[in-house]
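*Asks:* The structure is given below, and queries will be raised subsequently.
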Amino acid sequence: MQTAINVIITNWNCARNNNPMVLDVHNNGLVINAPSGAQTQIWTLIPNLVTNAQSGGFTLYNSSANLSAEQPASGSPISLGDDPTPYGSAAFCWTLWPAGKDSNNAQLWAIQDSQRGFCMDASRGSCDSGTSVLFWSWNSGDNQRWLIDKQP
């Protein structure tokens, strides 16, 4: 069985424009902010054993908030909720799919629902601090691609 790992998740659209913005917690929702080293910017990928996930997945847990990323209705901001891991509901099961490589050959990822229809999307491709992260249809935009860096 896979074990949980801690990661920092950076939006590729912002990083490629020399403005790295990382997944962060704000008011029990997901936003992108400048890297600060805050605990709200460290995510734990916990294997999620939800039934009927096409190829398994992960719960994105934030220990600072003691909550996990939850999939809302399409087009809505992604919120945080209380996930019953390890046998969580599909609303907490995120899959990581290869979404290309950057110029340094680093893997880019789409962070999608278990059906691969919707994904994490930095709203309107903005790289401003506090930009909401939405649950949006996959369209392969750079604002839907993420760098995932393992933390010690």
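*Asks:* Which ³J(HN,Hα) values in Hz, rounded to whole numbers, follow from the phi angles of region 63-69 under the Karplus curve 6.51 cos²θ - 1.76 cosθ + 1.60, where θ = phi - 60° and Gly and Pro get x?
*Replies:* After applying 6.51 cos²θ - 1.76 cosθ + 1.60, I find 5, 5, 8, 6, 9, 10, 5 Hz.
*Asks:* Then there's this: So what is the relative contact order for region 5-150, in percent, with contacts set as C-alpha pairs under 8 Å and at least six apart? Display every interim value, and only then the final one.
*Replies:* Numbers: 388 pairs, mean separation 39.9, N = 146.
Computed value for region 5-150: 27 percent relative contact order.
*Asks:* For region 77-152, just say rounded, prolate or oblate: build the C-alpha gyration tensor, square-root its eigenvalues into a ≥ b ≥ c, call rounded for a/c under 1.5, and beyond that prolate if a/b exceeds b/c, oblate if not.
*Replies:* Working: a/c = 1.60, a/b = 1.31, b/c = 1.22.
The shape class here is prolate.
*Asks:* Shifting gears a bit: Rank these for me by crowding, Thr40, Thr131, going from fewest to most other beta carbons within 10 Å. Show your work: numbers first, answer last.
*Replies:* Working: Thr40 17, Thr131 21.
So the ranking, lowest neighbour count to highest, is Thr40, Thr131.
*Asks:* While we're here: Considering the chain, which cysteines have no disulfide-compatible partner, defined as another cysteine with its Cβ under 4.7 Å away?
*Replies:* Cys93, Cys119
*Asks:* Right, next: If amide hydrogens are placed 1.01 Å from N in the peptide plane, which non-local residues have theirs closer than 5 Å to the one on Gly57?
*Replies:* Asn48
*Asks:* Restricting to DSSP H runs of at least four residues, report the calculated mean residue ellipticity at 222 nm for the chain, -39500 (n - 2.57) per run over all residues, nearest 500 deg cm²/dmol. Walk me through the numbers on the way to the answer.
*Replies:* Details: 1 runs with 5 residues, N = 152.
Computed ellipticity for the chain at 222 nm equals -500 deg cm²/dmol.
*Asks:* Which of Asp113, Asp121 has the fewest other C-beta atoms within 10 Å, and how do the rest follow up to the most?
*Replies:* Details: Asp113 21, Asp121 25.
Fewest to most other Cβ atoms nearby, the residues stand as Asp113, Asp121.
*Asks:* Quick one: which residues, 5 or more positions from His26 or on another chain, have an amide H under 5 Å from its amide H? H modelled 1.01 Å from N in the peptide plane, none for Pro or chain starts.
*Replies:* Here Val31 satisfy the definition.
*Asks:* To continue, here is another question. Could you put Leu60, Leu80 in order, starting from the residue whose Cβ has the fewest other Cβ atoms within 10 Å? Mind dumping the intermediate values first?
*Replies:* Values: Leu60 27, Leu80 20.
Going from least to most buried by this count: Leu80, Leu60.
A short reminder: the numbers here are calculations on the coordinates, not readings from a lab. Since the model is a prediction, treat every value here as computed from it, not as a measurement. Neighbour counts are summed over all protein chains in view; Cβ atoms, including those assigned to glycine, are modelled from backbone coordinates with ideal geometry.
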